[in-house]
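Presented below is the structure to which this report refers.
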């Protein structure tokens, strides 16, 4: 029964909510109590915009339990526009299009399912950014 | 700081492999009793058990008491130590502290892992617990995938092709041939390496250490006690733990294993030596990329240049810095929580001149490096042959 | 005779809208190949299919984000998150709360799921009109979204698509399109249904036509005409519920619309029937290219059965909002064709 575990992190999984250090303005995801830059222990919530680019990537052919139904799937370290790296799956992307430097944007998708009758875990994934429409 | 007075006076190990007929406790007891016999059967005061996944894969916690009980050591001080894949050498570190501080006279350390009882997806999920559970593992990143992210980035930044990693795998397999305890005692070719199927691009099967079972153990005593017991000892010149962020994404510099830099620097300082003094190096080649990053972090190659050590044939038994001399994690096998202890047993055999066909000539100073997770815990140990 | 037109006490309109269509497409020829061979008559060209990690929750979140972007409002001002669908991922547990949380809507909001076959979304829209029109909320979000279900081999399988749209109703003075009035018309007509715990719906075949779709759509639309004193000629565009190409084309013609008034909002040839999403998605496709002053008529149909008809007048604000988010057409053009085997996996129809 993972409901409390899943529920507790909704702000992170739905909204990419991390923290910003009140002393040095450094932004971090996920949230932590002590700043990785200056060591101060005073944070305020910060929502990341969700844009970024692929910093490194791989493809998972042998998934861990809970992710079998999605395999094979691409995973990546995404460099968010505000600085931090995030580890996440990529989605809606052809294998050949995955590359370091690919522009991506955060979307909310099903991330895992512990059982057919359990809670569905929704969270962030990244997909190639859909460019703004032109008139 | 250092524990100049601690020595390894006995070693024991099981064959690494798929032990369908043997349990976690069978393996641990086997290795432990071998080590005690090898040490001349001294009285053991304390036992440290290194293990990562017995809770998940065997449904067994409380390994200190379990192993002590079944090894006939009921009543002694016994606890389990966990630092993911670095559990083995971390247990040794605590053993050294116990002996070095005078808290215990003779200490046994055993590393054990039983991985083959559960389905692959469960083992994969359990291994991923070495990473950040909420922000890596639960996002669907397997442990292999995390190493693949490292390797991809390394190839990108340093312009290295996948084929150029082959010598590390070839060297490990070549050395495993001479190791009776190795899981894969057969050679492989550069062709095999380039044709290997992908586990998580660009990490292939031949970049990856296997899922397997095994246990290895050492007996520690003060150098004085070793002398009194009349045992042939290998001295522990340094044993140092360094840590780094649990998650890859929190690293300021993805391609620097900060934990290894710190751990190795501390070990060199404890031992009063430098990389050039080391005669062989048991690296933690759970994945090829880790060998490379470990060599760079420990001062054997500049950033981006460790691949050259392989290409220039400097990592073989006769090379400038022999690594994985008994097959390494790749070919001897990687029973996770036992691996650090296998490295120490093998280094001890090298320094006792008992490595057989794989003997590194004139080996006096050996180093092992055991890595937990993708570098979050790194344990570096330097051993010295006692004349 | 009294007018059946509904109009809120406070004038309201569409403050923001957003579409979502998943990227996979199953050509109707694939369904034909599987079940009817070369004799298959294909009702559409292809239909949209959701990916393995998508469901009504994830698709509603994306459409909702697009709507919030176009509205340019702080999502905490939204007073209702209502999702109409016949494929909510949970039988018990609202989709609405998940969507609200993911959009950053205030905890002091209404949130619930609506069920009325393919008109669940427009029913939610009626409620959003009422809530904002009464002044109970400044903004209300109504979503129609579906991953349409169809039994393998059933005629529905050619068309049952995935997608939908989100509409934020708000004060008329901030609107992209002002509501002129709406009509809802329902009867107990069992043309299509799905029993509790059944995986796929059943339908009355040709009974879904005349007494169901055509009767309800025509009645609701002509009631709007009558009440507003308008006719087909007064509308630049019309969107009708679109289970296929044929039904809405014929119904629109019978109401006096010319094909060019129907074309922009008729998406079924490209994405199939997105059930509760269909009418609203057609509406977003129209709004994406609408010009100030244009009138738009939208008429849904839900089996069981009923229709909601809405008359909108597009405002000057439309131009600045149209391109504030991904357009319906962009989603439609982001297509990746798949074969029937892949479709079967994506619809989780293997081993069941």
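The values are calculated or read from the model by the stated rules, or taken from the named source; none is laboratory data. Since this is a predicted model, take the numbers as computed values, not measurements. Note that we place each Cβ from the backbone using ideal geometry, even for glycine, and neighbour counts take in every protein chain shown.
If only one of C:121, C:51, C:96 is in contact (Cβ under 8 Å) with a residue 40 or more places away in the chain and over 28 Å from residue C:339 (Cβ atoms), which one is it? Show your work before the answer.
Working: C:51 fails: over 28 Å from residue C:339 (Cβ atoms); C:96 fails: in contact (Cβ under 8 Å) with a residue 40 or more places away in the chain.
Answer to the selection: C:121.
Mind checking whether some residue in segment C:5-24 is part of a helix (DSSP H, G or I) and either in the same structural domain as residue C:147 (by TED's automatic domain parsing) or more than 19 Å from the chain's Cα centre (by Cα) (or both)?
Looking for residues that are part of a helix (DSSP H, G or I) and either in the same structural domain as residue C:147 (by TED's automatic domain parsing) or more than 19 Å from the chain's Cα centre (by Cα) (or both), one finds none in segment C:5-24, hence no.
So, residue C:90, is that one over 22 Å from residue C:284 (Cα atoms) and within 14 Å of another protein chain (Cβ to nearest Cβ) or not? Can you show your working first?
Details: over 22 Å from residue C:284 (Cα atoms): yes; within 14 Å of another protein chain (Cβ to nearest Cβ): yes.
Spelling it out, residue C:90 is indeed over 22 Å from residue C:284 (Cα atoms) and within 14 Å of another protein chain (Cβ to nearest Cβ).
Quick one: would you say residue B:28 is in contact with a strand residue (DSSP E or B) (Cβ under 9 Å, 6 or more places away or on another chain) and crowded, with 24+ Cβ neighbours inside 10 Å? Walk me through how you get there before you give the answer.
Working: in contact with a strand residue (DSSP E or B) (Cβ under 9 Å, 6 or more places away or on another chain): yes; crowded, with 24+ Cβ neighbours inside 10 Å: yes.
Answer is yes for this residue.
Give the residue, chosen from A:122, A:57, that is in contact with a helix residue (DSSP H, G or I) (Cβ under 7 Å, 6 or more places away or on another chain), within 25 Å of residue C:61 (Cα to Cα) and touching a residue at least 40 places away in the same chain (Cβ under 8 Å).
The match here is A:122.
Those residues that are more than 8 Å from chain A (Cβ to nearest Cβ) and touching a strand residue (DSSP E or B) at 6+ places or on another chain (Cβ under 7 Å), I need them from segment B:119-138; list them, please.
Once the filter is applied, which keeps residues that are more than 8 Å from chain A (Cβ to nearest Cβ) and touching a strand residue (DSSP E or B) at 6+ places or on another chain (Cβ under 7 Å), segment B:119-138 yields only B:130.
Take the residues in segment B:233-271 that are out of contact with any strand residue (DSSP E or B) (no Cβ under 6 Å at 6 or more places or on another chain) and closer than 24 Å to residue B:386 by Cβ; name whichever of them is surrounded by the fewest Cβ atoms within 10 Å (Cβ to Cβ). Lay out the reasoning, then the answer.
Step one: list which residues in segment B:233-271 are out of contact with any strand residue (DSSP E or B) (no Cβ under 6 Å at 6 or more places or on another chain), which gives B:244-248, B:250-258, B:261, B:265, B:268-269.
Filter once more, so that each one left must be closer than 24 Å to residue B:386 by Cβ: B:268-269.
On the way: B:268: 22, B:269: 13.
In this case the residue turns out to be B:269.
Condition first: over 17 Å from the mean Cα position of the chain (by Cα) and under 30 Å from residue C:322 (Cβ atoms). Now tell me which residues in segment C:180-202 satisfy that.
Within segment C:180-202, C:180, C:181 qualify.
I'm checking my understanding of the structure. Among residues of segment A:106-135 that are within 7 Å of another protein chain (Cβ to nearest Cβ) and more than 19 Å from the chain's Cα centre (by Cα), which one is modelled with the highest pLDDT?
Applying the filter and picking the extreme gives A:132.
Confirm whether residue C:265 is surrounded by 24 or more Cβ atoms within 10 Å (Cβ to Cβ), under 21 Å from residue C:203 (Cβ atoms) and assigned by TED's automatic domain parsing to the domain that holds residue C:207.
Criteria not met by residue C:265.
Looking at segment B:109-124 only, could you name the residues that are free of Cβ contacts under 8 Å to residues at least 40 places away in the same chain and in a helix (DSSP H, G or I)?
B:121, B:124
Working carefully through the options B:25, B:80, B:37, B:74, find the one that is touching a helix residue (DSSP H, G or I) at 6+ places or on another chain (Cβ under 8 Å), in a helix (DSSP H, G or I) and free of Cβ contacts under 8 Å to residues at least 60 places away in the same chain.
Sole residue among the options that is touching a helix residue (DSSP H, G or I) at 6+ places or on another chain (Cβ under 8 Å), in a helix (DSSP H, G or I) and free of Cβ contacts under 8 Å to residues at least 60 places away in the same chain: B:25.
I'd like the full set of residues that are within 12 Å of chain A (Cβ to nearest Cβ), surrounded by fewer than 20 Cβ atoms within 10 Å (Cβ to Cβ) and either more than 23 Å from the chain's Cα centre (by Cα) or closer than 16 Å to residue C:21 by Cβ (or both), limited to segment C:303-331.
Result: C:320, C:329, C:330.
When only residues in segment B:152-162 that are more than 7 Å from chain A (Cβ to nearest Cβ) and without any contact (Cβ under 8 Å) to a residue 12 or more places away in the chain count, which is surrounded by the most Cβ atoms within 10 Å (Cβ to Cβ)? I'd like the intermediate steps shown before the answer.
So in segment B:152-162, the residues more than 7 Å from chain A (Cβ to nearest Cβ) come out as B:154-155, B:157-162.
Checking which are without any contact (Cβ under 8 Å) to a residue 12 or more places away in the chain leaves us with B:159, B:161.
Values: B:159: 9, B:161: 11.
Among those that are more than 7 Å from chain A (Cβ to nearest Cβ) and without any contact (Cβ under 8 Å) to a residue 12 or more places away in the chain, it is B:161.
With respect to residue B:200, is the statement that it is under 29 Å from residue B:249 (Cα atoms) and either in contact with a strand residue (DSSP E or B) (Cβ under 6 Å, 6 or more places away or on another chain) or surrounded by fewer than 23 Cβ atoms within 10 Å (Cβ to Cβ) (or both) true?
Yes; evaluated as a whole, the condition is true for this residue.
Please state which one of B:141, B:149 is assigned to a loop (DSSP other than H, G, I, E, B), touching a strand residue (DSSP E or B) at 6+ places or on another chain (Cβ under 6 Å) and within 13 Å of another protein chain (Cβ to nearest Cβ).
Matching residue, one of B:141, B:149: B:141.
Would you confirm whether any residue within segment C:25-45 is within 14 Å of another protein chain (Cβ to nearest Cβ) and at pLDDT 95 or above?
Yes, segment C:25-45 contains at least one residue that is within 14 Å of another protein chain (Cβ to nearest Cβ) and at pLDDT 95 or above.
Identify all residues within segment C:117-156 that are within 17 Å of residue C:298 (Cα to Cα) and over 12 Å from the mean Cα position of the chain (by Cα); write none if there are none.
Within segment C:117-156, C:126, C:127, C:128, C:129 meet the criteria.
Would you be able to say whether some residue in segment B:170-180 is surrounded by 19 or more Cβ atoms within 10 Å (Cβ to Cβ) and within 14 Å of chain A (Cβ to nearest Cβ)?
No, that holds for no residue.
So which residues in segment C:47-77 are more than 12 Å from chain A (Cβ to nearest Cβ) and either assigned to a loop (DSSP other than H, G, I, E, B) or buried (at least 24 other Cβ atoms within 10 Å of the Cβ) (or both)? Steps first, answer last, please.
Initially, segment C:47-77 is screened for residues more than 12 Å from chain A (Cβ to nearest Cβ), giving C:47-49, C:67-68, C:71-74, C:76-77.
Matches in segment C:47-77: C:47, C:48, C:49, C:67, C:68, C:71, C:72, C:73, C:74.
Condition check: within 18 Å of the chain's Cα centre (by Cα) and either within 17 Å of residue C:118 (Cα to Cα) or in contact (Cβ under 8 Å) with a residue 24 or more places away in the chain (or both). Does residue C:216 satisfy that?
On the way: within 18 Å of the chain's Cα centre (by Cα): yes; either within 17 Å of residue C:118 (Cα to Cα) or in contact (Cβ under 8 Å) with a residue 24 or more places away in the chain (or both): yes.
Yes: the conditions hold for residue C:216.
Spot the failing condition for residue B:227; the list is (1) under 25 Å from residue B:111 (Cβ atoms); (2) part of a helix (DSSP H, G or I), and only one is missed.
(1)
Going through segment A:88-105 one residue at a time, which ones are within 7 Å of chain B (Cβ to nearest Cβ) and either within 16 Å of residue B:201 (Cβ to Cβ) or over 14 Å from the mean Cα position of the chain (by Cα) (or both)?
Those that are within 7 Å of chain B (Cβ to nearest Cβ) and either within 16 Å of residue B:201 (Cβ to Cβ) or over 14 Å from the mean Cα position of the chain (by Cα) (or both): A:89, A:100.
Would you kindly identify the strands (runs of 3 or more DSSP E) lying entirely within segment A:1-70 that contain at least 3 residues that are at the interface with another protein chain (Cβ under 10 Å from one of its Cβ atoms) and crowded, with 20+ Cβ neighbours inside 10 Å?
Where strands (runs of 3 or more DSSP E) fall fully within segment A:1-70 and carry at least 3 residues being at the interface with another protein chain (Cβ under 10 Å from one of its Cβ atoms) and crowded, with 20+ Cβ neighbours inside 10 Å, they are A:51-60.
Yes/no per residue for (1) within 14 Å of chain A (Cβ to nearest Cβ); (2) surrounded by fewer than 23 Cβ atoms within 10 Å (Cβ to Cβ):
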position: C:81; (1), (2): yes, no
position: C:112; (1), (2): no, yes
position: C:121; (1), (2): no, no
position: C:134; (1), (2): no, yes
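Among the helices (runs of 4 or more DSSP H) lying completely within segment C:282-352, list those that include at least 3 residues that are at pLDDT 95 or above and more than 29 Å from residue C:69 (Cα to Cα).
Per the criteria, C:340-346.
Under 30 Å from residue A:120 (Cβ atoms), surrounded by fewer than 22 Cβ atoms within 10 Å (Cβ to Cβ) and within 14 Å of chain A (Cβ to nearest Cβ) - does that describe any residue in segment B:111-118?
yes
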